[in-house]
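*Asks:* My questions all concern the structure below.
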Amino acid sequence: MGSPETEEERSNDESPQHTVRVAPFFMAKYPVTQAQWRAVAAFPKINIDLNPEPSKFKGANRPVEQVSWHEAVEFCARLSRKTGKTYRLPSEAEWEYACRAGTTTPFYFGETIMADFANYDGNYTYASEPAGIYREQTTDVGSFPPNTFGLYDMHGNVWEWCADPWHENYQGAPADGSVWESGGNQNIRLLRGGSWCSKPWLCRAAFRGRYGPIFMVGDFGFRAAVSLARTP
């Protein structure tokens, strides 16, 4: 987890690079779509209201956006009560593990990123890739190649909320992939993956975005995780 000091455009908060043993879990194949959001928003309220149509860029199969961290948590809570399974936001470590899918490069498809592989601001370049398309909006989930875990849109399209509060670096981070609650800033939550309007280096697997959990921004979405049930 984290980036080596040789990685282009890395930040100090991605240090120290360290090993994490992640417990088995399921990760959603796609970011939560607007159709999925609308369905769950109709379930009974648990803690807060949910706007069934929050997104700026409309489309049933586009990722939901303009969703706060608190709203993402409410979505998971409603879905959990409806299904009897425990849906939740992934930990930051789980997210990076799922994104990398066994790779150690800045992106799961290699050392560089191209507009054919992800939805980001293609006016900017990273490493050796040429300038590309800037679509200026979200795209349907699954429009670009998945990683070897079969997960789509881990780079670009929408930022994805993680469960963890913000820590300035990985000093003292848990080694088991769990949510790092102790000592963190509860008024700031982690976002990962970059978005349709992000420069390419912000879409790296190791990059750590952060924002207040009350904010609803036009490129903030999420995907859900479920812990793997263990047999006695």
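The values are calculated or read from the model by the stated rules, or taken from the named source; none is laboratory data. Fair warning: this is a prediction, and the values are worked out from it, not measured in the lab. Backbone-built Cβ (ideal geometry, glycine too); neighbour counts: all protein chains shown. Side chains included, ligands, DNA and RNA excluded: accessible areas come from the protein's heavy atoms. Shrake-Rupley method; radii C 1.70, N 1.55, O 1.52, S 1.80 Å.
*Asks:* Counting only heavy atoms of the protein chains, get the accessible area per residue of the chain (1.4 Å probe) and round it to a whole Å² value.
*Replies:* Computed with neighbouring chains in place, this is 46 Å² per residue.
*Asks:* Loop-only chymotrypsin sites (Phe, Trp or Tyr not before Pro) in the stretch 117-188, please: DSSP not H, G, I, E or B, and at most 13 other Cβ atoms within 10 Å.
*Replies:* Within the stretch 117-188, no chymotrypsin sites (Phe, Trp or Tyr not before Pro) qualify (loop, at most 13 other Cβ atoms within 10 Å).
*Asks:* Please state, to two decimals, what the Cα-based radius of gyration of the stretch 1-89 comes to when divided by 2.2 N^0.38 Å (N = residues).
*Replies:* Cα-based Rg divided by the globular estimate yields 1.40.
*Asks:* Counting only other residues whose beta carbon sits under 10 Å from that of ALA225, what net charge do I get with K and R as +1, D and E as -1?
*Replies:* +1
*Asks:* Can I ask one more? Of the accessible area of the stretch 41-149, with the probe set at 1.4 angstrom, what percent is carbon plus sulfur?
*Replies:* Numbers: 2670 of 5150 Å².
Whole-percent figure for carbon plus sulfur exposure: 52.
*Asks:* For SER3, what charge total do you get from the other residues with a beta carbon under 14 Å from its beta carbon, if Lys and Arg give +1 and Asp and Glu give -1?
*Replies:* Counting the neighbours of SER3, the net charge comes to -4.
*Asks:* To the nearest 20 debye, what is the magnitude of the charge dipole of the chain about its Cα centre, counting +1 on the Cβ of each Lys and Arg and -1 on the Cβ of each Asp and Glu? Intermediate values should be presented prior to the final figure.
*Replies:* Details: 23 positive and 27 negative charges, 219 e Å.
Here the size comes out at about 1060 debye.
*Asks:* Let me ask something additional. Can you give me the Cα centroid spacing of the stretch 38-73 and the stretch 183-228 in angstrom?
*Replies:* Value for the Cα centre distance between the two parts: 16 Å.
*Asks:* Also, quick follow-up: Show me the three semi-axes of the equivalent ellipsoid for the chain, from the C-alpha gyration tensor (sqrt of 5 times each eigenvalue), largest first, rounded to whole Å.
*Replies:* 26, 22, 16
*Asks:* For the stretch 92-159, report the convex hull volume of the alpha-carbon atoms normalised per residue, in Å³, without decimals.
*Replies:* 86
*Asks:* Just tell me which lysines come within less than 22 Å, Cα to Cα, of LYS85; anything on the same chain fewer than 8 places away is out.
*Replies:* Filter leaves LYS29, LYS45.
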